[in-house]
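Here, each number is a calculation from the coordinates, and none is a lab measurement. The structure displayed is predicted, hence computed values, not measured ones. Glycine gets a Cβ as well: all are built from the backbone with ideal geometry, and neighbour counts include every protein chain shown.
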Amino acid sequence: MILTETEMTTVKDLQQQEQTCIEKYQRYASEAKDTVLKDLFKTLQKKEQKHYDSLQQVLNGSVPSCDCNDSDGKSYNPVASYEKMGDSPDKKTDCFLATDCISSEKLVSSEYNSDVFRFKDSGMRKLLADIQIEEQNHAEMLYKYKTVNGMS
């Protein structure tokens, strides 16, 4: 597949967003106090790496197949680590980290939602739509973590 200049720039911009998310999840996994949240950050880091790699395949000339996974958010059921009514310093730290990541996921999801229309190739639009859904799943997983721990 040959990308137009606009399409190439869009893919590179999206890839930069993914790289930022990868780095954020890596850092936040080391900063998080709760092991459940640490594990969630590590899982999301791997998923963002997969998005980055898919975009790299596009830059290399091929559109990878996608699975349109929309079940991660629905099926994620974290176990509470904090008292719902408690307000410990560790809980405040983890709440901040999770909230910040939800904001990032909203931003990235919005970018994919807008950028999907820049591509003429239906396979590319399908890939970007799939990644956008997965970004929404990430936000849902983080929100569920916050909810079960009385952070929302």
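General observations
- Computed helical MRE - 222 nm, the chain, DSSP H runs ≥ 4 contributing -39500 (n - 2.57), nearest 500: -25000 deg cm²/dmol
- In the stretch 1-130, taking the dipole from charged Cβ atoms about the Cα centre, the farthest positive-side position among Leu127, Asn77, Ser114 is held by Asn77.
- Loop-resident GluC sites (Glu not before Pro) (DSSP state other than H, G, I, E or B) in the stretch 73-152 with no more than 15 further Cβ atoms inside 10 Å of their Cβ: Glu83.
- Partner aspartates and glutamates for Lys92 [C-alpha distance under 13 Å; skip if fewer than 8 residues away on the same chain]: Glu31, Asp34, Glu83, Asp100
- Pairwise Cα separations in the chain fall into 10 Å bins from 0 onward with the following percentages, short to long: 12, 41, 28, 14, 5, 0.
- Only the Cβ atoms of Lys and Arg (+1) and of Asp and Glu (-1) were treated as charged; on that basis the dipole of the chain about its Cα centre amounts to roughly 220 debye.
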